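Heads up: the structure comes next, in structure tokens.
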Amino acid sequence: MTVRVRFAPSPTGFLHVGNARTALITWLFARSKGGHFLLRIDDTDLERSKTEFEEDIESSLVWLGVSWDEKTRQRDRLKRYSECIEKLKAEGRLYACYETAEELSLKRKVQLSGGKPPIYDRAALKLTPAEKKAYEDEGRLPHWRFKLEHTPIEWNDLIRGEVKFNGADMSDPVLIREDGSPLYHLCSVIDDIDYDITHVVRGEDHVSNTATHIQMFAALGATPPEFVHLPLISDAEGGKLSKRLGSMSIRDLRENEGLEPMSVVSLLARLGTADPIEPFVDAAPLIKNFDFSKFSRSTPKFDPEEIFRLNAKILHATPFEKINVRLARMGLENLDEEFWNVARANIQKLADIKDWWSVAKGPVNSVINDPAFIEQAAALLPPPPWSAQTWSQWTAAVKEKTGRKGKELFMPLRQALTGMDHGPELAELLLLIGPDKARERLQSHKKAA
Ligand code: GLU
């Protein structure tokens, strides 16, 4: 059996971390099984669905490296949904209801105050044709509910294990709105059938939906697929993901935070699993070791700081040939492998490399307030070739000769070498500046004079 999965976002907002995690995990599973990954745009809510969001979802997935084999849009399949709707109506599995939202809310309140669960009472099933006509003459349009069978519903979830519901404890779900448009539930089930989906992977907020979907599969003559419900992520304190984090979009991490996609992938792929969270420079090992049995049922904590830590480690491990095109796009086409290999260890984000490059290569306006001291220091500059020890050897010699230490010693050297009061570590920077430029900067006051 070929594994066939889908990621089914609603294009009603930018792709956020929580949904990106579902996409990534579904994709890792598909790739680990040599399976097929369908991107399904759930856009039956025509008012809230926007092309702008669909484009954002796609570009965010591309950025993360999540590639799809096929794409479909629910909006393009309305005819197919109508056929199934007619069949279910003819079989009495869909029934017309005329209650307004206020009437339903009142019913729920009465049930709750009487200590009863707020389950739809199926009053609409008892309406006579004359009563229905009276409602319609009044201008009311029906919405349609799916008649659940009052039987046990069970499945073996690949993360949650045995899950049990009973149709009798659930409200008949509304599948068609008053305006005749079908709701997500029915469309999703029809698509899962038509696209031969073998595993439905989604967040645990859909667990009770799944119970009703299983009866819809049966009503449409199909066998339900396997189900996998991922625990939703929470913030570092274990609370529900706060608004800020919950709405943290991939676009934000990419454009505003300037993060590497693999830092996001490295964290989201392993969060809530038995495997350690480590920096990965490509997804191959994540695919190779992927297994749903490693996922815990408990809520994983998401700490955005972790992405920043992974980001730095990933950059430190990224070879020049994997980054040179991006460096060139940043205007750093002259930045060579030697420079990258020394400087990468000092950056947290790729954009930081610019500071190192400009301060090392110049031009800089050296600040020299005490020429006599700088001349002494210049005379003590070790001869090439330089090594990682050059900075400490040099400053030790200057300290011995001049008796200066601490800030008194380091600040004038930094100002002369970089023209600034702060910046990258001088020990590393000195190597990147190199003997010729270092000497030139330490002597720049002579030229100016
Ligand atoms: N559009 C639904 C959502 O974003 C899809 C859920 C599913 O995977 O079936 O929650």
Note to self: Which of the numbered conditions does Arg48 fail, given that it passes all the others? Conditions: (1) over 22 Å from the mean Cα position of the chain (by Cα); (2) open to solvent by 20 Å² or more (accessible area, probe 1.4 Å).
What the structure shows: (1)
Next item on the list: Having 3 or more residues that are open to solvent by 40 Å² or more (accessible area, probe 1.4 Å) and under 23 Å from Met262 (Cα atoms) is the bar; report the helices (runs of 4 or more DSSP H) wholly within the stretch 298-375 that clear it.
Entry: 304-316, 324-329, 337-343
Check: Considering only residues of the stretch 192-210 that are within 9 Å of the ligand (Cβ to nearest atom) and part of a helix (DSSP H, G or I), which is surrounded by the most Cβ atoms within 10 Å (Cβ to Cβ)?
Finding: Asp192
Notebook entry, point to check: Is one or more of the residues making up the stretch 164-173 part of a strand (DSSP E or B), without any contact (Cβ under 8 Å) to a residue 40 or more places away in the chain and either within 16 Å of the ligand (Cβ to nearest atom) or open to solvent by less than 60 Å² (accessible area, probe 1.4 Å) (or both)?
Noted result: yes
Next item on the list: Please go through the stretch 167-210 and pick out each residue that is closer than 16 Å to Tyr120 by Cα and among the small types (Gly, Ala, Ser).
Entry: Gly167, Ala168, Ser171, Ser208
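Restricting to the stretch 386-422, and then to whatever is of a type in the set (Ser, Thr, Tyr) and open to solvent by 20 Å² or more (accessible area, probe 1.4 Å), can you tell me which residue is farthest from Asp370 (Cα to Cα)? Can you show your working first?
Of all residues in the stretch 386-422, those of a type in the set (Ser, Thr, Tyr) come to 387, 390, 392, 395, 402, 418.
With the extra rule that they be open to solvent by 20 Å² or more (accessible area, probe 1.4 Å), the set shrinks to 387, 392, 402.
Details: Ser387: 27, Ser392: 21, Thr402: 13 Å.
Looking at residues that are of a type in the set (Ser, Thr, Tyr) and open to solvent by 20 Å² or more (accessible area, probe 1.4 Å), I get Ser387.
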Item checked: Matching strands (runs of 3 or more DSSP E) fully within the stretch 1-117 where at least 1 residues are over 19 Å from Met216 (Cβ atoms), in contact with a strand residue (DSSP E or B) (Cβ under 9 Å, 6 or more places away or on another chain) and of a type outside the set (Val, Ile, Thr) -> 4-7, 36-41, 70-73
Note to self: Which pairs turn up if I take residues in the stretch 5-33 that are at positive phi and within 12 Å of the ligand (Cβ to nearest atom) and look for partners that are open to solvent by 10 Å² or more (accessible area, probe 1.4 Å) and assigned to a loop (DSSP other than H, G, I, E, B) with beta carbon separation below 6 Å, at least 6 apart in sequence or on another chain?
What the structure shows: none
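The values are calculated or read from the model by the stated rules, or taken from the named source; none is laboratory data. Because the structure is a prediction, the values reported are computed rather than measured. For neighbour counting, all protein chains shown are included, and Cβ atoms are generated from backbone atoms with ideal geometry for every residue, glycine included. Note: areas computed on protein heavy atoms with side chains; ligands, DNA, RNA excluded. Shrake-Rupley method; radii C 1.70, N 1.55, O 1.52, S 1.80 Å.
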